[in-house]
Amino acid sequence: VTVHLWVSADGVLSSCSFLVIQNVAVVFTSDFFDICLRRTYMAYIVHSKVVDSIITKHVQFLRNSFVELCSLDVHKSCTKALLSIQKLYNILKQALRTKNK
């Protein structure tokens with residue numbers, strides 16, 4: 001619910017929702033950091049697919065707050081990013097093999 005409010009609300013509600021996400025990521029176990037990172041990333045990607053002049057500032061806020069969340073544990077965030085890039089590479093490689101057959 002908090003991630004939904006962060007990504008879809010505007011202004012104070014979105015900011016407060018991010019503070020809750022950030023506190024959960026810091027206070028609880030690293031599993032919660034992973035969950036927060038994954039869910040905020042997916043919400044950001046879905047929400048920023050269509051950007052118009054009205055929501056540009058909100059998407060910038062989402063990006064900045066996601067970067068702030070990543071900065072809480074840079075090592076883990078980089079590891080997650082590298083794993084995602086490797087998965088994408090494997091998917092694209094498989095797609096090229098299938099296309100060539």
Among (1) in contact (Cβ under 8 Å) with a residue 12 or more places away in the chain; (2) surrounded by 14 or more Cβ atoms within 10 Å (Cβ to Cβ), ASP10 falls short only on (2)
Determine, yes or no, whether ARG97 is charged (D, E, K, R), open to solvent by 90 Å² or more (accessible area, probe 1.4 Å), at pLDDT 90 or above and at negative phi. no
Looking only at residues that are in contact (Cβ under 8 Å) with a residue 12 or more places away in the chain and more than 12 Å from the chain's Cα centre (by Cα) in the range 19-38, which one is most open to solvent (accessible area, probe 1.4 Å)? VAL26
Does VAL59 fit the bill of being of a type in the set (Val, Ile, Thr) and surrounded by 10 or more Cβ atoms within 10 Å (Cβ to Cβ)? yes
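For TYR89, indicate whether it is within 20 Å of LEU5 (Cβ to Cβ) and either among the hydroxyl-bearing types (Ser, Thr, Tyr) or open to solvent by 100 Å² or more (accessible area, probe 1.4 Å) (or both). Let's see the steps before the verdict.
Values: within 20 Å of LEU5 (Cβ to Cβ): no; either among the hydroxyl-bearing types (Ser, Thr, Tyr) or open to solvent by 100 Å² or more (accessible area, probe 1.4 Å) (or both): yes.
Judged against the criteria, TYR89 is not a match.
Name every residue in the range 16-54 that is hydroxyl-bearing (Ser, Thr, Tyr) and over 18 Å from CYS78 (Cβ atoms), in order of residue number.
Passing the criteria: SER17, THR29, SER48, SER53.
The values are calculated or read from the model by the stated rules, or taken from the named source; none is laboratory data. This one's a predicted model, so the numbers in the text were calculated from it and none came from an experiment. Ideal geometry is used to build each Cβ from the backbone, glycine not excepted, and the neighbour counts take in all protein chains shown. Heads up: the accessible areas ignore ligands, DNA and RNA and are worked out on the full protein's heavy atoms, side chains in. Shrake-Rupley method; radii C 1.70, N 1.55, O 1.52, S 1.80 Å.
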